[in-house]
Each structure stands twice: as C-alpha cells, then as structure tokens.
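Before any comments, here is the structure.
Rule-based calculations on the coordinates, nothing more; no lab input. Note that the structure is predicted; figures quoted are calculated from it, not measured. So basically every Cβ, Gly included, is an ideal-geometry build from the backbone, and we count neighbours across all protein chains shown.
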C-alpha cells in the first residue's frame, strides 16, 4: 500500500479502436515512496510475461487459423499487459522486453513453445490451448493475490482475473459451437471451472472517495473501478474496456475498469 499519496499525476488517454480502449500515455510517480516486497516484484514480473504469453500465442494462432476470437482476445491481453506495466513502472521495476515469443522467464519460454506446438495441430487444438492459457492465468492470479497485501496490486490482479474468466468462457463457447466438443478443465477444479463457464461477463462497479466534494464513477465492463479525488467534483461515466486511468479537474482520480 502507499505510504503517502502519489504526488504526480498518472494520466491515460483512451483511443477507441474496434471496441477496445488503449492507454497512450502514462506518467509514473518516480519520487513516491511505496511498500515493495520481493514477492510483489516477482509476482508482477511473472504476471506481465504470462499476459504477454497469452497475447503472443493468440496473435500467432490468429495468423495460422484466422479465427477472430484469437485476434479480439489478443487485443484484450495487451490491455492486461498495460495494467501490469503501470504497476511495474510505479514500483520502479524494469519492464521485460516485448519481443513476441521471447520471455525472460525460462518456464514461460518453454510453455510458449509447447503451446504453439499443440496449437498448430488443428483449430480445435488451438481453441483448447486458449482455454488452457486462461485456466492457467486464473490459477496463477489466485496464487499471487494470496501473496500480496498491496491494494493497488490486488486491484489489478482481481481485474485481470475477471477478464481471464471472460476469455475462458469465450474459448469454451467457440469450441462447442464450432466442433460440438465440451472442454474439460485441466488446471482449475471442476467446481471453480463450472462457476466460471456458467456465469456471465461481469459488470463493473464504481467506488469513490473524496475530500471536499463528491466523486462519482459509473461504467459498464468486466471487473471494477476504484477512484479517489481531493478538491472539485470529478465524474466518470461510460463504457471502458481494458485498464482506464484518469485524472479529475483537481486531485487524483484512478480507476481500473475491467478487461474484456
């Protein structure tokens, strides 16, 4: 958690493209004093590369099979990477390189190779690879959540888990529609898996705190948003996909709107 509020403004400008929102500008509070543990650092680095693995595999499988699901979810995985990158910068942690198919973590490098080998066999296998990646992502996020007490990290991890649950449902549904095959979970327990695939894409909620005047945040999306402001009224309303970080007229207003 923060030992003191950030003293610099964190800004994101959203660009609408095919229903997606992208962060085009980020400024990190280099002088801010923050709690940071070795576990948090390892977790953020791992989750950044795991989200990158998903993006890289889906982009490659879209090129191979032309299934639009891979393309749309790959774009969403980029917003997940951006969310974790925001925290890496905030905590002064070097961001891993972004070359497709290249990973600093040896286990993720090996996993990427194995997933691509399977995904090249058939479209059915490729869709199963997508579901397996999302299962793995959810399980790893659950593990990392249990290892951190930082509110901002918990916020992002919960948001990413909501997005991964939506992705898992999408892959399972497309597999069933195109092949008639029922996906069998390989990582998650049957109970957890069923609760995810029988659910619906989550609606976001807004939570705000203010000093002086009221801050109101509303929106649609998977996951949730959280904001605080000091000073004049700040209102955020609308639909946002990915990670949204905005500033009010005065004070700081931070919201993470759920990934797709």
**Item:** Which of 178, 115 has the fewest Cβ neighbours within 10 Å, and the rest in rising order
**Value:** 178, 115
**Request:** Starting from one equal scatterer on each C-alpha and no solvent at all, send me the Debye-based log10 I(q)/I(0) for segment 33-197 at q = 0.08, 0.19, 0.21 Å⁻¹, two decimals.
**Result:** -0.23, -1.21, -1.44
**Theoretical gain in end-to-end length, residue 118 to residue 106 [0.36 nm per residue, Cα-Cα removed]** = 2.4 nm
**Asked** Tell me, 171, 103 in order of fewest to most beta-carbon neighbours within 10 Å?
**Response** 103, 171
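Taking only C-alpha pairs under 8 Å that are 6+ residues apart, what is the relative contact order of segment 33-197 in percent?
RCO, segment 33-197: 23 percent.
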**Request:** For segment 93-163, calculate the relative contact order in percent as a whole number, restricting contacts to Cα pairs under 8 Å that are 6 or more residues apart.
**Result:** 16
**Fill in**
Site residue 149, offset 7 angstrom along Cα→Cβ, radius 20 Å on amide nitrogen, limited to segment 37-64, gives 37-44
**Request:** Order by neighbour count: 177, 90, fewest other Cβ atoms within 10 Å first, most last.
**Result:** 177, 90
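Using alpha carbons only, what's the Rg to Rh ratio of segment 32-101 with Rh from Kirkwood?
Taking Rh as the inverse mean 1/r over Cα pairs, Rg/Rh reads 1.08.
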**Request:** Return the distance in nm (one decimal) between the two label points of a simple spin-label model at residue 195 and residue 173, each offset 7 Å from Cα along Cα→Cβ.
**Result:** 2.1
